[in-house]
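The numbers here are math on the coordinates, done by the rules we state, and not lab data. Quick caveat, the model's predicted, so the values are computed rather than measured. Methodologically, a virtual Cβ is constructed for each residue, glycine included, from the backbone with ideal geometry; neighbour enumeration extends over all protein chains shown.
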Amino acid sequence: MIFRPEILAIKDQRIKPFIDPGEIWDLIHHTHAPRERVRDVIAKSMDKQRLTLEETALLINAEDPELIAEIKERARQLKEKVYGQRIVLFAPLYIGNLCSNNCAYCGFKADNQKVKRVTLNREELIEQVKALEDAGQKRLILVYGEHPNYDARFIAETAQIVYSVKSGSGEIRRVNINAAPLDIDGFRIVKDANIGTYQIFQETYHEETYRKVHLGGIKRDYNWRLTALDRAQEAGIDDVGIGALFGLYDWRFDLLGLVRHTNHFEAVYQVGPHTISFPRIQYASQLQIDKSHLVSDDEFTRLVAILRLAVPYTGLILTAREPASVRNEILQFGVSQIDGGTNIEIGGYSKKGGGEAQDIDFEQFQINDNRSLDEIMVELIGHGYIPSFCTACYRLGRTGEHFMEFSVPGFIKRYCQPNALMTMAEYLEDYAPVETKEKGYCLIREKLVEMPEDKFKVLLIEKLQQIKVGKRDIYF
């Protein structure tokens, strides 16, 4: 790495709070510019350069309907420019719902007596993983309540169990984690389990609101949570995911909070978060929040488009909290990952196979897209998207700063799209009904026609043929 003296000064900001509410509100209230300046900012993003906080505020404050439409269209173009047509698929697997916190928006809150408290044992976990593998899943995010029982060693052990399970042609190739913040030593233990991304949502970056909605437990400590992923970085986990729960506070503030968090990582660790999530408040058992900040569908679409322009190389995750109609619309404006066949009932995949309505009194929040994985595959294929289960970068060490070295010159579109085609072919061969298989291979042929005639294309065709005769887990 090239030595830069300014980095030494920036390093002093490790594991220190970095949100200045006055700065963010000043930008929201006072950052306005003629449409020509807004278009200059959009053009900068289209050149695949991350936007500053001020430039992002300019997009937020662009109220002209023509400019808003332009922001959406350019976000759609940027997404395709950077990521191609691929959409990464994963499934959440809830390990346990014990929780010591009292969060006003969460069904798992400690004082909710309606919730049956469950933690999967080893045999139950294996059963769930087999059900997910038998549906075709390759990527999971393990979700834990925030409780002393779910410490670093427990998280590491459950991740290792998931990796060990094989059912037929199925296997889980990447395990991400959504769990409580840890200390540095704890993050080191989890890192040794070969996890992918460690995901922690700040929920809201507005500290006063944060304290209002977090009524008890260690999660009430705003700064401990804000600096959690700094500790992960210090422990060697260079692949982290951030997020905000939109609807707790003004969406403009939390959007800028996410960008500020991204800026912080890039300044201090020379790499931004691998993913950003932006779930909206949905119904949960005993939900108790001020609903004045709920985000409309139009606002939601707009904030996703702005976020895509602000952070061109960061994966954006859209979850099954949203109904299918909303997901189908917003997908085009910059989303790169979605979950499919989602079931957040603990033990629910083996009971129902995923993708079915669940009892909200026993869940963390309400799921609104209950489609099966295959239904989502068909929907994506029908719109020309390439469903991807690819995990190549994680197993080849292309994470963190190394990922940025590859992705900035266009690596993602050059290599990830062919890898997506191969993982889709695996699904078509091993799990897809006949109709899905026919549609999927039709799409593969279309994408091959679009590719330039070179040695790389010849090699891809050879690999696709190898998949047809039974070879698995091959990638560039």
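Going through the cross-link list K130/K291; K44/K291; K138/K468, which pairs have a Cα-Cα distance over 30 Å in this structure?
Violating the 30 Å limit, Cα to Cα: K130/K291; K44/K291.
Could you work out how much longer the chain between R414 and Q466 gets when fully extended? Use 0.36 nm per residue separation minus the Cα distance between them, nm to one decimal.
That pair, R414 and Q466, stretches by 16.7 nm at full extension.
Distance from the Cα centre of the range 441-476 to that of the range 279-321, in angstrom?
36
Each residue of the range 451-460 in order: what ³J(HN,Hα) in whole Hz does its phi give by Karplus 6.51 cos²θ - 1.76 cosθ + 1.60, θ = phi - 60°, with x for Gly and Pro?
7, x, 7, 8, 5, 5, 5, 4, 5, 4
Among (i) 1.04; (ii) 1.13; (iii) 0.94, which is the computed Rg/Rh (Cα atoms, Kirkwood Rh)?
Among (i) 1.04; (ii) 1.13; (iii) 0.94, the one calculated here is (iii).
Given points 7 Å out from each Cα along the Cα-Cβ axis, report the E234 to R39 separation in nanometres with one decimal.
With each label point 7 Å from Cα toward Cβ, the separation is 4.8 nm.
For W25, W251, what ranking results if the residue with the fewest other Cβ atoms within 10 Å of its Cβ goes first?
Final ranking by Cβ density, sparse to dense: W25, W251.
Report the FRET efficiency, 1/(1 + (r/R0)^6), for D221 and R395, where r is their Cβ-Cβ distance and R0 is 30 Å, rounded to 0.05.
FRET efficiency, D221 to R395: 0.25.
I need the phi-derived Karplus couplings for the range 20-28: 6.51 cos²θ - 1.76 cosθ + 1.60, θ = phi - 60°, integer Hz, Gly and Pro marked x.
For the range 20-28, the Karplus-derived couplings read 10, x, x, 4, 5, 5, 4, 5, 5 Hz, x marking Gly and Pro.
Under 1.5 on a/c is rounded, so check that first for the range 413-468, then, if it is not, pick prolate when a/b is larger than b/c and oblate when it is not; a ≥ b ≥ c are the square roots of the alpha carbon gyration tensor eigenvalues.
prolate
Over the chain, what is the relative contact order in percent, taking alpha-carbon pairs closer than 8 angstrom and at least six residues apart?
Worked out over the chain, it gives 20 percent.
Of the listed peptides 148-156, 78-86, what is their order by residue-averaged count of other C-beta atoms within 10 Å, with the highest listed first?
Highest-to-lowest ranking by the protection proxy: 78-86, 148-156.
Assign unit charges at the C-beta atoms only (+1 for Lys and Arg, -1 for Asp and Glu), then state the dipole size of the chain relative to its Cα centre in Debye, rounded to the nearest 20.
Dipole of the chain, to the nearest 20 debye: 940 debye.
Using the alpha-carbon centroid of each, what span in Å lies between the range 27-83 and the range 188-228?
29
Go through K79/K447; K79/K463; K166/K351; K72/K439 and tell me which ones have a Cα-Cα distance over 22 Å in this structure.
K79/K463; K72/K439
Using helices alone, what [θ] at 222 nm do you get for the chain, with -39,500 (n - 2.57) per DSSP H run of 4 or more residues, divided over all residues and rounded to the nearest 500?
Using -39500 (n - 2.57) per qualifying helix, the result is -14000 deg cm²/dmol.
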